[in-house]
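Trainee: Attaching a single structure in structure tokens format; questions to follow.
Derivation of every value follows stated rules applied to the coordinates shown; laboratory data play no part. A quick note: this is a predicted structure, and the numbers were derived from the prediction, not measured. Heads up, the Cβs are rebuilt from the backbone with ideal geometry, glycines too, and the neighbour counts pull from every protein chain shown.
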Amino acid sequence: MSDHHPRRTPTPGRARKRAIREHAAQAGVAYSVAARHLESVGLRPGETLATYGRTIYPIGFDPHRQLLVERRERRSFEDRVADTRRAAVLPHGRAQHLVERFPPSRGRTGSGVGALYHGEGRVELLAMVYVVIAAESPGLLPEVGDLAWIAELGEDTALDTACAEVDREARRVLDREPLALWSVIEAALAVAEHSADWQIRQEAIRQAALFHTMMTPRIGYAGEPYVPGLPVAGVRQILDALLIVADDGHAPGTRVRLRRHPDDVGLATIIGATWGSSGPPVGYLVWPDAATAPQSARADDLIVLADQESLPR
């Protein structure tokens, strides 16, 4: 009698069922919903529609950024508390916290995407935007005492929840046209320089000096005024990634493919998000590989490639 055991005959459809289960688990949807997704859009194993899931720190092509992100994840409790205490101080402390939390990155070689989350003066611009919100919508600012208490937990996400409204409003402020943005920042700083709160007054005086140093209005080729010194794109991307922590979505740097291109010729990189009044992004700004300009896309028109998150949770 032979001791040979014949190899199990593969069951038809077993690989497909496994892919459906994996997609259902990753997207957080029912098995039947995942099956319809795979069938309707041709999802490959590990992929998901951009309407589902979350990518905060996309797998990138900048080893230094990856090192910074991983080092931050290994902080001691004491270091985390020190960081959240700083993050609880608006405007400058939170601005510095967010810029360090989402360090600069760059796109894949050959994708046409350059630097991400970058630009000199990111901390200063974000702090100025918070000053604008304090002037225009003071009711959105959380109570100082509440922030100080939450900071002692040492949890970034707890502070994110407390600052959710002001952070989302900061992202909306940055959607304004450059000249309008420059004007509202200048006006808000002028008001804050005469605040009854000496801390706000001193911070506004410092920021106003920085603002006038870094900003020199110029006239472009088309005769339109522009401000070359504001790192608006980089700060937008920082806030996009921050809002995705709570509301899901996919941060700038995430690799996707366009549904109208079933093959790899439709690969692209997310470089920004489009936000509604609440919830996850309703759309994205993507840069197709080797393209000369970005394009807008709805979330359900994008497929997120597999294994995009560098820090799985």
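Trainee: Fewest Cβ neighbours within 10 Å first, please rank ASP83, ASP62 accordingly. Spell out each step's value before the answer.
Mentor: Numbers: ASP83 21, ASP62 18.
The fewest-first ordering by Cβ neighbours comes to ASP62, ASP83.
Trainee: Arrange THR213, THR254 by Cβ neighbour counts within 10 Å, fewest through most, would you? Intermediate results must be reported in sequence, preceding the final value.
Mentor: Working: THR213 11, THR254 30.
Fewest-to-most Cβ neighbours within 10 Å comes out as THR213, THR254.
Trainee: Also, I was wondering about something else. About its Cα centre, how strong a charge dipole does the chain have in debye, to the nearest 20, once Lys and Arg get +1 and Asp and Glu get -1 at the Cβ? Working shown, then result.
Mentor: Numbers: 37 positive and 40 negative charges, 285 e Å.
For the chain, the charge dipole is close to 1380 debye.
Trainee: Ok, one more. Given the options GLN96, GLN207, GLN295, state which has the largest fluctuation in a GNM of the chain using a 10 Å cut-off (strictly under) for Cα springs.
Mentor: GLN295
Trainee: Between GLU165 and HIS64, how high is the FRET efficiency from 1/(1 + (r/R0)^6) when r is the Cβ-Cβ distance and R₀ = 25 Å? Nearest 0.05.
Mentor: Values: r = 33 Å, r/R0 = 1.33.
E between GLU165 and HIS64, to the nearest 0.05, is 0.15.
Trainee: Show me the ranking of peptides 155-167, 45-57 by mean Cβ neighbours inside 10 Å, starting with the highest. Walk me through the numbers on the way to the answer.
Mentor: Working: 155-167: 17.8, 45-57: 21.2.
Result, highest mean Cβ count within 10 Å first: 45-57, 155-167.
Trainee: Averaging sequence separations of C-alpha pairs under 8 Å and six or more residues apart, then dividing by the length of the chain, give the relative contact order as a whole percent. Before the final figure, lay out the partial values.
Mentor: Numbers: 512 pairs, mean separation 72.1, N = 313.
Relative contact order of the chain: 23 percent.
Trainee: Where does segment 158-313 land on the Kirkwood hydrodynamic radius, alpha-carbon pairs, in angstrom? Walk me through the intermediate numbers first.
Mentor: Details: mean 1/r = 0.0558 Å⁻¹.
Every distinct Cα pair counted, the radius reaches 17.9 Å.
Trainee: Right, another one. What ranking of LEU179, LEU125, LEU43 emerges when the number of other C-beta atoms within 10 Å of each C-beta is taken as an exposure proxy, fewest first? Please list the in-between numbers first.
Mentor: Numbers: LEU179 12, LEU125 26, LEU43 21.
Ranked by crowding around the Cβ, least crowded first: LEU179, LEU43, LEU125.
Trainee: Report the per residue volume, in Å³, of the convex hull enclosing the C-alpha atoms of the chain. Show your work: numbers first, answer last.
Mentor: Working: hull volume 57.2 nm³, N = 313.
Cα-based convex hull of the chain, divided per residue, equals 183 Å³.
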